[in-house]
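Working notes, structure below.
Nothing in this text is a laboratory measurement; each read-out follows from the coordinates by a stated rule. Since this is a predicted model, take the numbers as computed values, not measurements. Quick reminder, even Gly has a Cβ in these numbers, built from the backbone with ideal geometry, and neighbours come from all protein chains shown.
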Amino acid sequence: MKATSKAEIKAKLQEINFVAPFPSEDLELIEENHRDELLYHTDKITLTEDFHNFLLVIAGSAMDCQH
């Protein structure tokens, strides 16, 4: 498998035409509609924050694979 440089990854990402916005509004709607169930699990981290943390873990893991 060919190693991909950071410059190549950046160029590929810039080529992508993202059609849908980041799902923040959808996550807020889920939080609003299911507040009681979500508060049962935690009262410190919101669904949006949890989703952002998840994406950071994925991004960090992907970057580690490049070395």
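Quick notes
- Fully extended contour minus Cα-Cα distance, from Ser24 to Glu8, at 0.36 nm per residue: 2.9 nm
- Taking θ as phi - 60° and the Karplus parameters 6.51, -1.76 and 1.60, the scalar couplings of the stretch 28-35 work out to 5, 5, 4, 4, 5, 6, 10, 4 Hz in sequence order, x denoting glycine and proline.
- Residue order, fewest to most beta carbons within 10 Å, for Glu25, Glu31, Glu15: Glu15, Glu25, Glu31
- With each label modelled as a point 7 angstrom along the Cα→C-beta vector, the Glu15-His52 pair spans 3.1 nm.
- Per-residue Cβ neighbour counts within 10 Å put Ile30, Ile16 in the sequence Ile16, Ile30, beginning with the fewest.
- Each residue of the stretch 46-59 is assigned a 3J(HN,Hα), and the resulting list reads 7, 4, 5, 5, 5, 5, 4, 4, 4, 5, 5, 5, 4, 4 Hz, derived from the Karplus form 6.51 cos²θ - 1.76 cosθ + 1.60 (θ = phi - 60°), x at Gly and Pro.
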